[in-house]
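Asks: Have a look at the structure that comes next, please.
The values are calculated or read from the model by the stated rules, or taken from the named source; none is laboratory data. Everything numeric in this text was worked out from a predicted model, so none of it was measured. With ideal geometry, Cβ positions are generated from the backbone for all residues, glycine too; neighbour counts draw on all protein chains shown. Note: areas computed on protein heavy atoms with side chains; ligands, DNA, RNA excluded. Shrake-Rupley method; radii C 1.70, N 1.55, O 1.52, S 1.80 Å.
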Amino acid sequence: MAGTSLFVLLDDIASILDDVATMTKVATKKTAGVLGDDLALNAQQVSGVEADRELPVVWAVAKGSMVNKAILVPAALAISAFIPWLIVPLLMLGGAFLCFEGVEKLAHKYLHGKEDAEHRRKVVEAMTNPEADLVVLEKDKIRGAIRTDFILSAEIIVIALGVVSGMDFTTQVAVLISIAVMITTGVYGLVAAIVKLDDAGLYLRRQANAIARGTGAALLWLAPWLMRALSVLGTLAMFLVGGGILSHGLPPVHHLIASLTVDMEGVAGALVPSLLDGVFGLIAGAAVLLLVSLVKRLLPAKAQAAH
């Protein structure tokens, strides 16, 4: 009997691990859009510090990210255990926020151009002023990156929770922890590599070997383009993922997209529904941005009227 129980236990563990591996893979695909944006944003956040402080800053943000996950994962599991009906509204809210954030990024230059110029001026002034407290600037960057990480991590955890909401509690715990660990180690490992890419290029450019110098020149050329590509792909993926969440949560939209693509096969059948989700995400994000802008304008007007 003991031997039979042991085999049953081992079979249960193997089944759980198989479920965890499968659901983690699905959840990772679902959260790919946020991950791309997370990677680009964090690489931008830690740029502008002294070269010998880049990796310590990345490590400090990574530790903050671990704390964020330690808060978010138990909160998500508590929601799943006690108020599971909240998962779908949170998913829809997260999808709407992703689409809003994507549109806001596209319109950022027009909406926040003056603030960005002022921020860049202050950063340049602090970096060139020998009396400036660079430790304060560095801490500000770290706090800003950790705040950004918290928002993006919350989106990722909610999306992952939506994927595993129908699974047993043990699988949910394992998947969410796996996602949290992979996000932190993967994103910040890549951020560390990206921010040091130009240093590697400069080092190779100084070598006597022609191949090394050519590789260094290629890395120096690649670094800024890589950042731009990550930003573009991250924004595109936000519309695809956010729009997909919203369209699946709104039956009329889901049925419309399904009816438009029902006869499509092959590559078109795989790509066109996602592209239509992305278009819907773009429209939804623009609507949310318009609503937020109207609320921001109305609130100061009400405040002035009250005085």
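Asks: Out of the residues in region 125-179 that are acidic (Asp, Glu) and at pLDDT below 80, which is surrounded by the fewest Cβ atoms within 10 Å (Cβ to Cβ)?
Replies: Filtering first and then ranking leaves Glu131.
Asks: Please find, among Leu202, Leu240, the residue that is in a helix (DSSP H, G or I), of a type in the set (A, V, I, L, M, F, W, C) and either modelled with pLDDT under 80 or over 15 Å from Val103 (Cβ atoms) (or both).
Replies: Leu202
Asks: Another question, then. Can you name every residue in region 72-87 that is β-branched (Val, Ile, Thr) and exposed (fewer than 14 other Cβ atoms within 10 Å of the Cβ)?
Replies: The answer is Ile83, and nothing else.
Asks: Restricting attention to region 254-266, does a residue exist that is surrounded by fewer than 18 Cβ atoms within 10 Å (Cβ to Cβ), β-branched (Val, Ile, Thr) and touching a Gly at 6+ places or on another chain (Cβ under 8 Å)?
Replies: no
Asks: Then there's this: Determine whether Ala223 is surrounded by fewer than 20 Cβ atoms within 10 Å (Cβ to Cβ), in contact with a helix residue (DSSP H, G or I) (Cβ under 8 Å, 6 or more places away or on another chain), part of a helix (DSSP H, G or I) and at pLDDT below 85.
Replies: yes
Asks: Specify the residue that is farthest from Leu275 (Cα to Cα); the eligible residues are those in region 226-249 that are in contact (Cβ under 8 Å) with a residue 12 or more places away in the chain and open to solvent by 70 Å² or more (accessible area, probe 1.4 Å).
Replies: Filtering region 226-249 for residues in contact (Cβ under 8 Å) with a residue 12 or more places away in the chain gives 226-227, 230-231, 233-247, 249.
Narrowing the set further to residues that are open to solvent by 70 Å² or more (accessible area, probe 1.4 Å) leaves 233, 236.
Working: Leu233: 14, Leu236: 10 Å.
By that ranking, first place goes to Leu233.
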